[in-house]
Amino acid sequence: MKSSRIFEDMDLRNKPSIDAGRLWERHRDLARIGATAGGGVNRQALSPEDGAARNLVLRWSAERGYEAQLDPIGNLFVRRRGIREELSAVMTGSHLDTQPTGGNYDGVYGVLCGLEAMEALDDAGVSTERSIELVVWMNEEGSRFRPTTMGSAVSAGQLQLAEMLRVRDRAGVTVEKALAEHLALLPRLEHRALGTRGYAYVEAHIEQGPVLENAGMRIGIVEAIQGLYAYEVEVTGFEAHAGTTPNRGRRDALIAAMSLIENLRQLLVDEEDQVRFTVGRLEVLPGSPNTVPGKVLFSIDLRHPDEKRLKRMDERILAACEGTVEGCVIRCRQVLASGPVHFDQGVLKILQHATRSRGEHFLRMVSGATHDAKYVAANTPSAMLFIPCAGGISHNEQESITQADAGIGAQILCDVLLDLAIQAEAGQSNSPRSRVPAD
Ligand SMILES: [Zn+2]
């Protein structure tokens, strides 16, 4: 194979081209594994279907001679060797697990784009200095085993392996047992230690929201993942007979909770419509039609891209949830404070440059949803690329994308991975920041 150095100044006509038809076929092949009557897939983490999907990707990889490894939490690494094995690898990837009524593109798209990019380099006879690694993260969805993004969070050291192996699904099966069953389905794979660090990580994903489609754009360059704070609120009133207790004497926990939630909603309204405030769970106790509710428990999910704003809203929430409302005692507990993650400026510039080089416009975006890249970014310069999905519909069997959008996203990912993987000049900083194109 030729040295890849020449590609630094290559013009577009000579750049490796992805095969959009092959990429589309592979989506069709994976959609058959765990297919549901509604046109989607049910391929939850470490299920036999998840194993079958990984096996198929491993078969395609083996046909190309790529090597595969598995780490102790079940993240799968597929490696296209570079000339200089001692250099850290350029990474890409996403997940193959789905929601119980999931679509055919969430996660799958990023995995197949990465594979397509590697194959396109093979087809063009291009070798790179750095290896390129495709990662299939374990349990991104968190529908069978909580929490979400388990594999990438354990890999980044942000969740503990031993603790996660003990997590059980609804049937009482632990992650440890499910992993052992999963291993039995896969071909023998080399062991990989936890704690992967790469030279850079770029994840392609469907947007899962309507912003790109509404803007008529095909490419979103994701600069950050917004922060998420979560709370549990307890409202304590007094249970009483629904027929005999006059309004004036009541301490109705539901009336208090309604008033409190409405008050919070008003407090957190913002002109820019960036605050995401959701009460998704509300439990009324004792839950009897003829008893005045004595207790209400509800959740708050609060998201925003700006950490300062999140902290200010946090103070407001805690202040509003102090003392009593409608004679009921309010208690609020923060259960999660995960700040926003800002992606690497160097990798973002390379993404922007590659997108422009293909004559595409892009939208700079903040991801509303969490992705594996959020954790990878803790140790590896990272960024994400979005393509639109019809109506912004995701986590739904109707999830849909076009072959053309899929193709252009994969092409840009391929260009970016190549650009990153040819960077290995001796004496230069071992970080993508050093080769940011001037623009
Ligand atoms: Zn996903």
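The values are calculated or read from the model by the stated rules, or taken from the named source; none is laboratory data. Here the structure is a predicted model, which is why all the values come from computation and not from measurement. Cβ atoms come from the backbone with ideal geometry, glycine included; neighbour counts cover every protein chain shown.
One table, with the values for the structure above:
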{"quantity": "Subset of the stretch 253-296 that is in contact with a helix residue (DSSP H, G or I) (Cβ under 9 Å, 6 or more places away or on another chain) and charged (D, E, K, R) - its residue that is farthest from ASP306 (Cα to Cα)", "calculated": "LYS295"}
{"quantity": "Close pairs from the stretch 205-219: first under 16 Å from TYR105 (Cα atoms) and free of Cβ contacts under 8 Å to residues at least 24 places away in the same chain, partner of a type in the set (D, E, K, R) and within 16 Å of the ligand (Cβ to nearest atom), Cβ under 7 Å, at least 6 apart", "calculated": "none"}
{"quantity": "Qualifying residue in the stretch 348-366 (condition: under 24 Å from MET150 (Cα atoms), modelled with pLDDT of 95 or more, touching a helix residue (DSSP H, G or I) at 6+ places or on another chain (Cβ under 9 Å) and in a loop (DSSP other than H, G, I, E, B))", "calculated": "no"}
{"quantity": "Among the candidates VAL335, VAL269, VAL233, residue that is surrounded by 16 or more Cβ atoms within 10 Å (Cβ to Cβ) and either in contact (Cβ under 8 Å) with a residue 12 or more places away in the chain or farther than 30 Å from ALA204 by Cα (or both)", "calculated": "VAL233"}
{"quantity": "Inter-residue pairs, beta-carbon under 6 Å, first under 17 Å from LEU260 (Cα atoms) and in the stretch 284-301, second polar (S, T, N, Q), 6+ apart", "calculated": "LYS295/THR236; ASP301/THR278"}
{"quantity": "Every pair of residues 6+ apart whose Cβ atoms lie under 7 Å, when the first sits in the stretch 402-420 and is crowded, with 21+ Cβ neighbours inside 10 Å and of a type in the set (A, V, I, L, M) while the second is at pLDDT below 95 and in a helix (DSSP H, G or I)", "calculated": "LEU418/PHE7; LEU420/PRO432"}
{"quantity": "Residue within the stretch 339-352 that is farther than 30 Å from TYR201 by Cβ and of a type outside the set (Ser, Thr, Tyr) present", "calculated": "no"}
{"quantity": "Any hit, the stretch 314-327, residues being touching a residue at least 24 places away in the same chain (Cβ under 8 Å), away from the ligand (no atom under 16 Å from the Cβ), β-branched (Val, Ile, Thr) and surrounded by 14 or more Cβ atoms within 10 Å (Cβ to Cβ)", "calculated": "yes"}
{"quantity": "Subset of the stretch 65-90 (residues that are within 23 Å of ARG188 (Cα to Cα), surrounded by fewer than 21 Cβ atoms within 10 Å (Cβ to Cβ) and polar (S, T, N, Q))", "calculated": "GLN69"}
{"quantity": "Hits in the stretch 401-439 - residues which are of a type in the set (Asp, Glu) and either under 25 Å from the mean Cα position of the chain (by Cα) or modelled with pLDDT of 95 or more (or both)", "calculated": "ASP405, ASP415, ASP419"}
{"quantity": "Residue check for HIS395: surrounded by fewer than 24 Cβ atoms within 10 Å (Cβ to Cβ), within 13 Å of the ligand (Cβ to nearest atom) and in a loop (DSSP other than H, G, I, E, B)", "calculated": "yes"}
{"quantity": "Check on GLY114, within 13 Å of the ligand (Cβ to nearest atom), under 22 Å from PRO381 (Cβ atoms) and not in a loop (DSSP other than H, G, I, E, B)", "calculated": "no"}
{"quantity": "Subset of the stretch 368-377 that is of a type in the set (Gly, Ala, Ser) and modelled with pLDDT of 95 or more - its residue that is surrounded by the most Cβ atoms within 10 Å (Cβ to Cβ)", "calculated": "ALA373"}
{"quantity": "Whichever residue in the stretch 191-212 is among the hydroxyl-bearing types (Ser, Thr, Tyr) and assigned to a loop (DSSP other than H, G, I, E, B) and, among such residues, is farthest from the ligand (Cβ to nearest atom)", "calculated": "TYR199"}
{"quantity": "Residues satisfying the stated conditions in the stretch 91-104, i.e. within 13 Å of the ligand (Cβ to nearest atom) and either surrounded by fewer than 24 Cβ atoms within 10 Å (Cβ to Cβ) or not hydroxyl-bearing (Ser, Thr, Tyr) (or both)", "calculated": "GLY93, HIS95, LEU96, ASP97, GLN99, GLY102, GLY103, ASN104"}
{"quantity": "Yes/no for ILE330 being among the β-branched types (Val, Ile, Thr), in a helix (DSSP H, G or I) and surrounded by 14 or more Cβ atoms within 10 Å (Cβ to Cβ)", "calculated": "no"}
{"quantity": "Top-ranked residue of the stretch 335-390 - restricted to ones that are over 22 Å from TYR109 (Cβ atoms) and of a type in the set (S, T, N, Q), ranked as nearest to the ligand (Cβ to nearest atom)", "calculated": "SER338"}
{"quantity": "Any chance VAL135 is of a type outside the set (Phe, Trp, Tyr) and within 16 Å of the ligand (Cβ to nearest atom)", "calculated": "yes"}
{"quantity": "Output for the stretch 29-41, where each listed residue is surrounded by 18 or more Cβ atoms within 10 Å (Cβ to Cβ) and on the phi < 0 side of the Ramachandran plot", "calculated": "LEU30, ALA31, ILE33, GLY40, VAL41"}
{"quantity": "Selection within the stretch 31-61 - part of a helix (DSSP H, G or I) and out of contact with any strand residue (DSSP E or B) (no Cβ under 8 Å at 6 or more places or on another chain)", "calculated": "PRO48, ASP50, GLY51, ALA52, ALA53, ASN55, LEU56, ARG59, TRP60"}
{"quantity": "Residue that is within 16 Å of the ligand (Cβ to nearest atom) and closer than 26 Å to GLY82 by Cβ, where the choices are GLY125, GLY151", "calculated": "GLY151"}
{"quantity": "Residue within the stretch 172-186 that is within 16 Å of the ligand (Cβ to nearest atom), within 24 Å of SER338 (Cβ to Cβ), touching a Leu at 6+ places or on another chain (Cβ under 6 Å) and outside any loop (DSSP other than H, G, I, E, B) present", "calculated": "no"}
